[in-house]
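The structure appears below as structure tokens.
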């Protein structure tokens with residue numbers, strides 16, 4: 001199944017990531033972890049913040065090279 005993620009969704013995610021990276025105490029409120037077999041650790045540790053930085057870099061790259069992006073598609077892999 002493909003899920004369309006709008007530019008507004010991506011802008012909101014980018015904003016939340018920036019806020020959490022600037023203030024780690026906001027992580028639980030803005031970008032909480034999810035438990036379950038496929039989700040991995042639920043700790044707010046170095047790996048969590050590394051994943052946020054990786055996501056931030058991906059979004060920055062996509063917005064830079066594709067400034068006319070209106071949406072991306074999320075596809076589950078399982």
Go through the stretch 25-68 and report how many residues are more than 21 Å from residue 6 (Cα to Cα), in contact with a helix residue (DSSP H, G or I) (Cβ under 8 Å, 6 or more places away or on another chain), assigned to a helix (DSSP H, G or I) and in contact (Cβ under 8 Å) with a residue 12 or more places away in the chain.
3
Go through the stretch 4-16 and count every residue that is over 19 Å from residue 75 (Cβ atoms) and touching a residue at least 40 places away in the same chain (Cβ under 8 Å).
1
Could you tell me which residue of the stretch 1-24 is surrounded by the fewest Cβ atoms within 10 Å (Cβ to Cβ), considering only residues that are at pLDDT below 95, over 11 Å from the mean Cα position of the chain (by Cα) and assigned to a helix (DSSP H, G or I)?
8
What about residue 75, is it touching a residue at least 12 places away in the same chain (Cβ under 8 Å) and over 13 Å from the mean Cα position of the chain (by Cα)?
yes
Please verify whether residue 28 is modelled with pLDDT of 95 or more and surrounded by 13 or more Cβ atoms within 10 Å (Cβ to Cβ), treating the condition exactly as stated.
no
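The values are calculated or read from the model by the stated rules, or taken from the named source; none is laboratory data. As the structure is a prediction and not an experimental result, all values here were calculated from the model. Note: ideal-geometry Cβ built from the backbone for every residue, glycine included; neighbour counts use all protein chains shown.
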